[in-house]
Amino acid sequence: MTSPVLPSESDAAVLEAVATGIPAALSDLGHLVRISGMAWPAFDQTQLERSAEAVAALAKDTGVFDDVRVLRAAIPGTDEQGQPAVLATRAARNGKPTILLYAHHDVQPPGDDALWETPPFEPTVRDGRLYGRGAADDKAGIMAHIGSIRAVREVLGDDLDLGIALFIEGEEEYGSRSFATFLSDNKDALRADAIVVADSGNWDSVTPGLTVSLRGNARFTMCVRTLDHASHSGMFGGAVPDAMMATVTLLSTLWNADGSVAVAGMTARDAATPEYTEETLRDEAGLLPGTTPIGDGTILSRIWNKPAVTVIGIDATSVSAASNTLLPEVTVVISARVAPGQTGREAYEALEAHLRAHAPFGAELSFSDVDLGDGFLVDTSGWAVSLTRDAMRDGYGVPPVDLGVGGSIPFIADLVREFPEAQILVTGVEDPHSRAHSPNESLHLDTFRHAVATEALMLARMNGMNL
Ligand SMILES: [Zn+2]
């Protein structure tokens, strides 16, 4: 493999083509934002089809693809098909690498329209940001791909030998239920040397971030039983344990006094984190003045590299229906974030073992609805990571920060399983103020310009190398 050496005048030509193409890219982005494609069955599914067709048309118009299709794949364990995805491909020529560009065209529901300052599906520019549902997550990811392809085609013309697969999913916000089938159905078309997943964030609106770790998740339902029927609390209270007492006592064993996770077998990852102050945490998370943060170690290590356990639901008597009764049964939903490096399965097994070992008063426990997702650690030793970091530095004019993410992108595990040789690059167009999934979602226009420039440099430089 030769290292990608590109004359700086080529860089300049690519950056100029990107800059010239930004108004068109933003206009196309606005057009996509107007299409309210959501994968939830409660919403008009023809919008999702329109959205897929609009993306397919943009892909065709680039003129670089041999084949552009809108496809669906089966959802395992059902007789249903997943939502429409766009797959566009061109084969590599003359020994050049192939890159797979991923984004998704479905969006989160808008939530309460009254909380939006301008209508969610009406793209609006204010103060250097484009507002609208999907303006950032992840229609800007689609336009970063399209905009960068347009720029390199313009500059390289017939010298564009890079293989490109563009895969724009239609159900990311709805659990990517047909994703694994889609990968296996289209394995040859999707095979690539590097995969860009443009669905994450940046350190801030001017500093790029390469996401190098993601936490996994383990979510399950636990039912705690102590009695075979409810009783008057005055009759037996003090002599028999009710299920609420057992549940509260049991749940409290999940955390140490400082709020860190106390479950043996849930691991943490040891890695350096950038500076992030308690003041910033207070501001971004909305901590009340007298409330203290929890956990130990640097703040970002708690969010990126350590586990977290949260009780996210509880079924017991409601406050309005409260009576002096000993409850026989309480059901809770527990959601754990799993440190990168540990599988969701291992973390779940540690949690279940901990809960069984600590069940007070011989309470009966049963577990159900277990949902697991693996975290991810990027192997940063490959050529594609160095190439991406350099392109970020040159595209933003600022060196990138390695980011961890406290949330999950579970489908990355599917990509790794299906394409173990591919290098995975998790990039994105969001910044900390993008409010993805919330009202008033927005895209910082400068971040978008820099993200398109970065990706165009990546494509041009990969086109300049031989594997
Ligand atoms: Zn997304």
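The values are calculated or read from the model by the stated rules, or taken from the named source; none is laboratory data. Computed from a predicted structure; not experimentally measured. Quick reminder, even Gly has a Cβ in these numbers, built from the backbone with ideal geometry, and neighbours come from all protein chains shown. Only protein heavy atoms, including side chains, enter the accessible area calculation; ligands, DNA and RNA are left aside. Shrake-Rupley method; radii C 1.70, N 1.55, O 1.52, S 1.80 Å.
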Item to check | Among (1) open to solvent by less than 70 Å² (accessible area, probe 1.4 Å); (2) touching an Asp or Glu at 6+ places or on another chain (Cβ under 8 Å); (3) away from the ligand (no atom under 16 Å from the Cβ), the one test that Gly63 misses | outcome: (2)
Checklist entry - Within the range 144-159, can one find any residue that is within 16 Å of the ligand (Cβ to nearest atom), of a type outside the set (D, E, K, R), in the same structural domain as Arg72 (by TED's automatic domain parsing) and within 29 Å of Asn440 (Cβ to Cβ)? => result yes
Next on the checklist: Just to verify a result, which residue in the range 226-240, among those that are in contact with a Leu (Cβ under 8 Å, 6 or more places away or on another chain) and closer than 26 Å to His354 by Cβ, is surrounded by the fewest Cβ atoms within 10 Å (Cβ to Cβ)?
Outcome noted: Val240
Checklist entry - Hey, does the range 357-373 have a residue that's in contact with a helix residue (DSSP H, G or I) (Cβ under 9 Å, 6 or more places away or on another chain) and under 22 Å from Gly295 (Cα atoms)? => result yes
Checklist entry - So which residues in the range 174-208 are part of a strand (DSSP E or B) and within 15 Å of the ligand (Cβ to nearest atom), if there are any at all? => result Val196, Val197, Ala198, Asp199, Ser200, Gly201
Next on the checklist: Need the failing condition index for Lys139 against (1) farther than 16 Å from Leu26 by Cβ; (2) within 14 Å of the ligand (Cβ to nearest atom), just the number.
Outcome noted: (1)
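To keep it simple, each residue is scored yes or no on (1) under 27 Å from Leu130 (Cβ atoms); (2) open to solvent by 60 Å² or more (accessible area, probe 1.4 Å); (3) touching a residue at least 12 places away in the same chain (Cβ under 8 Å); (4) in the same structural domain as Ala194 (by TED's automatic domain parsing).
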residue	(1), (2), (3), (4)
Pro23	yes, yes, no, yes
Val33	yes, no, yes, yes
Ala42	yes, yes, no, yes
Glu49	yes, yes, yes, yes
Leu58	yes, no, yes, yes
Gln83	yes, no, yes, yes
Arg93	no, yes, yes, yes
Pro97	no, no, yes, yes
Checklist entry - Looking at the range 314-323, is at least one residue open to solvent by less than 70 Å² (accessible area, probe 1.4 Å) and closer than 27 Å to Leu214 by Cβ? => result no
Next on the checklist: Suppose we filter Asp414, Asp390 for residues that are part of a helix (DSSP H, G or I) and within 16 Å of the ligand (Cβ to nearest atom); which single one remains?
Outcome noted: Asp414
Next on the checklist: Step by step: first the residues of the range 432-453, then only those that are part of a loop (DSSP other than H, G, I, E, B) and open to solvent by less than 10 Å² (accessible area, probe 1.4 Å), then the one that is nearest to Thr211 (Cα to Cα). Which residue is that?
Outcome noted: Ser434
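Residue-wise test of (1) more than 28 Å from Glu421 (Cβ to Cβ); (2) out of contact with any strand residue (DSSP E or B) (no Cβ under 7 Å at 6 or more places or on another chain).
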residue: Asp28; (1), (2): yes, yes
residue: Ser36; (1), (2): yes, yes
residue: Pro41; (1), (2): yes, yes
residue: Ala57; (1), (2): yes, yes
residue: Thr62; (1), (2): no, yes
residue: Asn94; (1), (2): no, yes
residue: Ala103; (1), (2): no, no
residue: Asp106; (1), (2): yes, yes
Checklist entry - For the range 242-332, which helices (runs of 4 or more DSSP H) that fit wholly inside it have 1 or more residues that are under 30 Å from Asp228 (Cα atoms) and in contact with a Pro (Cβ under 6 Å, 6 or more places away or on another chain)? => result 243-252
Checklist entry - Just a yes or no: is a residue in the range 364-374 open to solvent by 30 Å² or more (accessible area, probe 1.4 Å), within 16 Å of the ligand (Cβ to nearest atom), on the phi < 0 side of the Ramachandran plot and in contact (Cβ under 8 Å) with a residue 12 or more places away in the chain? => result no
Checklist outcome for this item: Per the list (1) of a type outside the set (A, V, I, L, M); (2) more than 16 Å from the ligand (Cβ to nearest atom); (3) open to solvent by less than 10 Å² (accessible area, probe 1.4 Å), residue check on Glu171 breaks on (2)
Item to check | Which listed residue, of Asp394, Asp369, Asp374, is more than 28 Å from Val33 (Cβ to Cβ) and within 21 Å of the chain's Cα centre (by Cα) | outcome: Asp374
Item to check | Met245 being outside the structural domain of Glu418 (by TED's automatic domain parsing), more than 16 Å from the ligand (Cβ to nearest atom) and crowded, with 21+ Cβ neighbours inside 10 Å | outcome: no
Item to check | Near pairs, Cβ below 9 angstrom, 6+ apart or cross-chain, from the range 126-147 (over 13 Å from Ser438 (Cα atoms) and assigned to a loop (DSSP other than H, G, I, E, B)) to any residue that is modelled with pLDDT under 95 and away from the ligand (no atom under 16 Å from the Cβ) | outcome: Gly128/Ser205
